[in-house]
Amino acid sequence: MSTAQAAQTTPRDPDLVKLLEVFRDELRDLVSKIYFDKTERVVYIEVNKDKILDLAKKLLSLGFDHVKSVTAVDYPQENKLELLVHVGSYLRVIRKYTLIIKSYLDRNDPRVSSLTSVWPSAEFQEREAWEMFGVYFEGHPDLRRLLLPEDFEGKWPMRKDFRIVTRKPGEVEAPWK
């Protein structure tokens, strides 16, 4: 990975400069792109879904010790889901940064390795991403519903093609049917 890929511009924060150098050296065989936002507090790391677990292990060894959230963005026209995993650290020097791991999944079969073996804090977050977007986390210890009824049927509620079935005004379904 070139320096240009590691950062779009040179950051002002010397800690971020060091962090990006470490990432460039330690992650070069795992990731396709690394860049940061203009606030210099969020670092984006793009990775192939097949390398996401290896990346997580490497980030844990570098001090990034917990998952803050897991979500997805639906791109139906491109037939893909963008998986976003927000990762943080409690270590003093790097706790001011949030890493966002980005990986693209096939919308028709969105499967990726669970990160719970590396970061137990991903357990709840992965369940929600499965329930709302249909991302199947292989190796997850307890992939079941959190918010929707257990018998919910239909499309994934956070996907763009999800539609709520409505009844005609005054039409009521009898609860005993």
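General remarks:
- Contact order for region 24-72, expressed relative to its length and based on alpha carbon pairs under 8 Å spaced 6+ residues apart, stands at 30 percent.
- FRET efficiency, 1/(1 + (r/R0)^6) with R0 22 Å, evaluated for Glu46 and Tyr136 via beta carbons: 0.60
- Dividing the convex hull volume of the alpha carbon atoms of region 71-177 by its residue count gives 154 Å³ per residue.
- When Rg and the Kirkwood radius Rh are both evaluated on Cα atoms of region 1-160, their ratio Rg/Rh stands at 0.99.
- Close amide H pairs (under 5 Å, H built 1.01 Å from N) link Phe36 with Gln8, Tyr44, residues at least 5 positions away or on another chain.
- Taking a straight line from the alpha carbon of Lys57, these aspartates and glutamates sit under 13 Å away, with near neighbours fewer than eight places off in the same chain left out: Glu26, Asp65.
- A crude spin-label estimate for the pair Arg95 and Glu21, with each label 7 Å from Cα along the Cβ direction, gives 2.5 nm.
- Region 65-74 - phi-based ³J(HN,Hα) in whole Hz, Karplus 6.51/-1.76/1.60, Gly and Pro as x: 9, 7, 9, 8, 6, 9, 8, 8, 10, 8
- Note on exposure: Phe23, Phe36, Phe162, Phe124 ranked by accessible area (1.4 Å probe, complete protein assembly) read Phe124, Phe162, Phe36, Phe23, with the most exposed listed first.
- Set of lysines near Lys51 by C-alpha distance (under 18 Å), chain-local residues within fewer than 8 positions excluded: Lys33, Lys80, Lys102
- Note: relative contact order over the chain, using C-alpha pairs below 8 Å and six or more positions apart, is 17 percent.
- Taking only Cα atoms of region 35-124, radius of gyration then Dmax in Å: 13.2, 42
- Helical runs assigned H by DSSP (4 residues or longer) give the chain a calculated mean residue ellipticity at 222 nm of -6500 deg cm²/dmol, each run adding -39500 (n - 2.57) before division by the residue total.
- Remark: spin-label model distance Ser61-Glu171 equals 5.9 nm, labels positioned 7 Å along the Cα→Cβ axis.
- Note on the chain: GNM, Cα springs under 10 Å; of Glu138, Glu126, Glu46, the largest mean-square fluctuation is that of Glu138.
The values are calculated or read from the model by the stated rules, or taken from the named source; none is laboratory data. The structure presented is a predicted model; accordingly, all values stated were derived computationally and were not measured. Here Cβ is always computed from backbone atoms with ideal geometry, including for glycine, and neighbour counts include all displayed protein chains. Side chains are part of the model used for accessible areas, which takes the heavy atoms of the whole protein and leaves out ligands, DNA and RNA. Shrake-Rupley method; radii C 1.70, N 1.55, O 1.52, S 1.80 Å.
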